[in-house]
Amino acid sequence: MTVEGGVQYSKIAEIKGPLVIVDDVENAAFDELVEIETKDGERRLGKVLEVGNGKAIVQVFEGTTGLSISGTNAKFVGKVMEMPVSKEVLGRVFDGLGRPKDGLPDPIADKFIDINGEPMNPEQREYPKDFIQTGVSVIDGMITLVRGQKLPIFSGSGMSHNLLAAQIARQASVVGTQDDFAVVFAAIGVQFSEAEYFKRSLEESGALKRSVLFLNLADDPAIERIITPRVALTVAEYLAFDLGMHVLVILTDMTNYAEALREISAAREEVPGRKGYPGYLYTDLSTIYERAGKLNGRKGSVTQVPILSMPSDDITHPIPDLTGYITEGQIVLGRDLFRQGVYPPVNILMSLSRLMKDGIGEGSTREDHGEISNQNYDAYSRAQEVRALAGIVGKAGLTEIDLKYMDVGDVFEKEFLTQATDENRTIDETLSILWKVVSQLPKNELTKVKDKFVDKYYQEK
Amino acid sequence: MASNTALEKTIDKILTQTEKDILSNIQSALTESQQTLDNAVPRLQQEYDKILSDGRKEAEKIEKQIIGSSDLEARNKQLMSLEEAVDKVFTQALEQIANTDRSGNYANLINSLLDESTKILGTTNVSVLTNSKDKDVVQSELSKFPGAELSSETISCLGGVIIKSKDGAMTFDNTIDARIERLKPLIRKDIATKFGVGK
């Protein structure tokens, strides 16, 4: 923050989509913050996308609706966009650009941090291996989230990803440590009712005290969505690496972010890539996702759960496809399970947490966690095959053991997968249900778990 | 008479047998009930434990909700009071600045504001706007900036200058108001620290 302000230019050459092109500009810098002042004195924020030949292309976050070439001024502020941060941001609600939305004053800043963040030195990264309990059985038991991981949820239009996101935000905790835990929740392009649900849900559960909410609504200018995840991650990094907290960042819905990016790209007349998204979509997404992690010698961590709705449930769509290359696994919500009324409708056969193996087991969760999870994966997969077979030959054509596997499938979905939205299960409860599921089978079918665990945890009828 | 005795014997036999059966049935029912009762005890215990554990969880949840919302409410009230106090300090400080004596060092301040502004715009060929109080001081300092002219138009501000390139394309606001506005977040922090917040 400097006392010197910036120069205001009044020669607007062109307004194109979310972009304003300013003429005769000297000394503007890439990414520099710009204040656009309308004829009526209204101020909007923007940033410099390109400079050169005396011109500057400015991306206006709050949209260009109502702007005209004459009477509009662009003030180049002389700094990049910064987010004021302090511990006081906890329990606060901000809009998509980081301005208070809860009727309270701006937080008294401890620091002003560039929202683009600083890249983590790969050499300084610490391998994530500490368990985060979400209280959601299917995640804790079979797609375990660890501190510093980036684990996206791939959902589809209309599915219950927002309920799941709010439940994770309310319930998530670190077990076995007294370290502080915080949740940074960024809603990107969500409906008003959804934003209210997130806010109320955190308020009513008492979790708002340890949370920071950034709400960019569907009727807010699309361009603001480019900033929302960045301000959220800036706050998360401060809480994690300056204050030593373990921070879980939930970003929903990243599809809206990518669409805003496409809008800007189209306005800049860039050569479109797959489905019209810019060719640099992968690079851009990585500047967000790679801000998760742990650093050597630092106490805190940033864990990311970005949520994206796959257009037409298409997992090969560029957004989930490119996200999958960057993140460390994925939680996939299944349309069939959702239609059956299963909540959370997680399709475990398509889901995976690549870092799970290092965050579970003795000392983290429980000695049998890895093996019982594999056994359930195996049994549920077999149950699906048997169900398909039953669809052809009928139940009468199945063997006794096949019928037992069908029972496994039913118990798995009804008792393990299905969970109330306010039900917070401990890891022991989750593992106990996993044992109950495979206890539908005779002991000799449990080939993925050691005998000593079978003797200890198998639930005889 | 003989047939009567035989009948009585038969009846006795039936009665004895029936009594035996009934007693045996009662005994087995008793054993069965005992068994059912024995089996129900651990189930009941489990149910009892579950109800207790659910109740405990619910109580913890409600406790968290109450503590969380009261903490937030208290914190928010504190924030509002702090903001009010900071605003009061600001208002008084601005009043003092507005009534600053324009003699003495004030001319140096105007000179440095003009110098900074012309350097940022890259030219001294500018039009300078100021408030009515500062007009004389600004006019006397302008002689050091060739090409600079004082505009007849006055602006409303605490002090300082706004300079514009002659073609009107570039403007630089170097009024005291603008400088305070730019530094407001830092000043707020300093004031809050004086109140013991954020130390």
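The values are calculated or read from the model by the stated rules, or taken from the named source; none is laboratory data. Here the structure is a predicted model, which means the values were calculated and not measured. Methodologically, a virtual Cβ is constructed for each residue, glycine included, from the backbone with ideal geometry; neighbour enumeration extends over all protein chains shown. Please note that ligands, DNA and RNA were not included when accessible areas were found on the heavy atoms of the full protein model with its side chains. Shrake-Rupley method; radii C 1.70, N 1.55, O 1.52, S 1.80 Å.
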*Do we find a residue being among the small types (Gly, Ala, Ser), under 25 Å from A:VAL146 (Cβ atoms) and part of a helix (DSSP H, G or I) anywhere in segment A:425-439?*
yes
*Unmet criterion (only one of (1) within 12 Å of chain B (Cβ to nearest Cβ); (2) surrounded by fewer than 21 Cβ atoms within 10 Å (Cβ to Cβ); (3) touching a Pro at 6+ places or on another chain (Cβ under 9 Å)) for A:LEU104*: (3)
*Can we say A:LEU163 is of a type outside the set (D, E, K, R), under 29 Å from A:PRO128 (Cα atoms) and in contact with a helix residue (DSSP H, G or I) (Cβ under 6 Å, 6 or more places away or on another chain)?*
no
*Do the conditions hold for A:PRO278, that is, is it surrounded by fewer than 24 Cβ atoms within 10 Å (Cβ to Cβ), under 16 Å from A:ALA222 (Cβ atoms) and more than 20 Å from the chain's Cα centre (by Cα)?*
yes
*From the options B:GLN65, B:GLN27, B:GLN45, B:GLN92, residue that is over 25 Å from the mean Cα position of the chain (by Cα) and under 30 Å from A:ILE108 (Cβ atoms)*: B:GLN92
*Any chance A:LEU164 is assigned to a loop (DSSP other than H, G, I, E, B) and either of a type in the set (Gly, Ala, Ser) or in contact with a strand residue (DSSP E or B) (Cβ under 9 Å, 6 or more places away or on another chain) (or both)*: no
*For segment A:34-43, does any single residue satisfy the condition of being closer than 27 Å to A:ALA186 by Cβ, at pLDDT 90 or above and either of a type in the set (Val, Ile, Thr) or in contact with an Asp or Glu (Cβ under 9 Å, 6 or more places away or on another chain) (or both)?*
yes
*segment A:410-461: number of residues that are farther than 23 Å from A:ARG387 by Cβ and surrounded by 14 or more Cβ atoms within 10 Å (Cβ to Cβ)*: 16
_Please return the ranges of helices (runs of 4 or more DSSP H) entirely within segment A:306-372 where 3 or more residues are within 13 Å of A:MET159 (Cβ to Cβ) and either touching a residue at least 40 places away in the same chain (Cβ under 8 Å) or among the polar types (S, T, N, Q) (or both)._
A:335-339
*Could you grab me the full set of residues in segment A:211-243 that are open to solvent by 10 Å² or more (accessible area, probe 1.4 Å) and more than 17 Å from A:ALA187 (Cα to Cα)?*
A:GLU237, A:PHE241, A:ASP242, A:LEU243
*Restricting to strands (runs of 3 or more DSSP E) lying wholly in segment B:122-184: which have 1 or more residues that are crowded, with 22+ Cβ neighbours inside 10 Å and more than 9 Å from every other protein chain (Cβ to nearest Cβ)?*
B:126-130, B:160-165, B:170-175
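Looking for whichever is at pLDDT below 85 and among the basic types (Lys, Arg) here; the options are B:LYS64, B:LYS77, B:LYS135. Which one fits?
Working: B:LYS77 fails: at pLDDT below 85; B:LYS135 fails: at pLDDT below 85.
Exactly one residue qualifies, and that residue is B:LYS64.
Being within 30 Å of A:GLY370 (Cα to Cα) and either touching a Phe, Trp or Tyr at 6+ places or on another chain (Cβ under 8 Å) or not in a strand (DSSP E or B) (or both) narrows it down to one residue among A:GLY91, A:GLY135; which is it?
Working: A:GLY91 fails: within 30 Å of A:GLY370 (Cα to Cα).
Exactly one of A:GLY91, A:GLY135 is within 30 Å of A:GLY370 (Cα to Cα) and either touching a Phe, Trp or Tyr at 6+ places or on another chain (Cβ under 8 Å) or not in a strand (DSSP E or B) (or both), namely A:GLY135.
Within segment A:28-71, considering only strands (runs of 3 or more DSSP E) that don't extend past its boundaries, which have at least 1 residues that are closer than 24 Å to A:ALA218 by Cα and open to solvent by 40 Å² or more (accessible area, probe 1.4 Å)?
Details: elements: A:32-37, A:43-52, A:55-60.
The qualifying strands (runs of 3 or more DSSP E) are A:32-37, A:43-52.
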*Identify, by number, the condition in (1) among the β-branched types (Val, Ile, Thr); (2) more than 14 Å from every other protein chain (Cβ to nearest Cβ); (3) exposed (fewer than 14 other Cβ atoms within 10 Å of the Cβ) that B:THR193 doesn't meet.*
(2)
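Table: residues versus (1) within 20 Å of B:ASP173 (Cα to Cα); (2) more than 14 Å from chain B (Cβ to nearest Cβ).
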| position | (1), (2) |
| --- | --- |
| A:PHE30 | no, yes |
| A:LEU33 | yes, no |
| A:LYS39 | yes, yes |
| A:ASN53 | no, yes |
| A:LEU67 | no, yes |
| A:GLY71 | yes, no |
| A:VAL77 | yes, no |
| A:ASP114 | no, yes |
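Every residue in segment A:397-427 that is hydroxyl-bearing (Ser, Thr, Tyr), free of Cβ contacts under 8 Å to residues at least 40 places away in the same chain and either in contact with a His (Cβ under 7 Å, 6 or more places away or on another chain) or closer than 25 Å to A:ARG339 by Cβ (or both), please.
Narrowing segment A:397-427 to residues hydroxyl-bearing (Ser, Thr, Tyr): A:399, A:405, A:418, A:421, A:426.
Filter once more, keeping what is free of Cβ contacts under 8 Å to residues at least 40 places away in the same chain: A:399, A:405.
Passing the criteria: only A:TYR405.
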*Hey, can you tell me all the residues within segment A:158-193 that are open to solvent by 60 Å² or more (accessible area, probe 1.4 Å) and either within 13 Å of chain B (Cβ to nearest Cβ) or of a type in the set (Phe, Trp, Tyr) (or both)?*
A:PHE192
*Of the numbered conditions (1) surrounded by 14 or more Cβ atoms within 10 Å (Cβ to Cβ); (2) away from chain A (no Cβ under 11 Å); (3) under 19 Å from B:THR91 (Cβ atoms), B:LEU109 satisfies every one except a single condition; which is it?*
(3)
*Does segment B:81-101 include one or more residues that are touching a residue at least 40 places away in the same chain (Cβ under 8 Å) and among the hydroxyl-bearing types (Ser, Thr, Tyr)?*
yes
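Considering only segment A:329-351, state which residues are aromatic (Phe, Trp, Tyr) and over 16 Å from A:ASP313 (Cα atoms).
A:TYR343
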*What are the residues in segment B:63-104 that are surrounded by 11 or more Cβ atoms within 10 Å (Cβ to Cβ) and either away from chain A (no Cβ under 14 Å) or β-branched (Val, Ile, Thr) (or both), if any?*
B:ILE66, B:ILE67, B:VAL86, B:VAL89, B:ALA93, B:LEU94, B:ILE97, B:ALA98, B:THR100, B:ARG102
*Is it the case that segment A:74-92 has a residue that's within 24 Å of A:TYR257 (Cα to Cα) and out of contact with any strand residue (DSSP E or B) (no Cβ under 7 Å at 6 or more places or on another chain)?*
no
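Which residue out of A:GLU367, A:GLU385 is of a type outside the set (Ser, Thr, Tyr), within 29 Å of B:LYS57 (Cα to Cα) and open to solvent by 10 Å² or more (accessible area, probe 1.4 Å)? Explain how you work it out, then say what you get.
Working: A:GLU385 fails: within 29 Å of B:LYS57 (Cα to Cα).
One residue alone meets the criteria, A:GLU367.
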*Kindly list the number of the only condition in (1) more than 21 Å from A:ILE139 (Cβ to Cβ); (2) surrounded by 14 or more Cβ atoms within 10 Å (Cβ to Cβ) that fails for A:ASP313.*
(1)
*For segment A:80-88, indicate whether the set of residues that are under 28 Å from A:ALA266 (Cα atoms), open to solvent by 20 Å² or more (accessible area, probe 1.4 Å) and away from chain B (no Cβ under 14 Å) is non-empty.*
yes
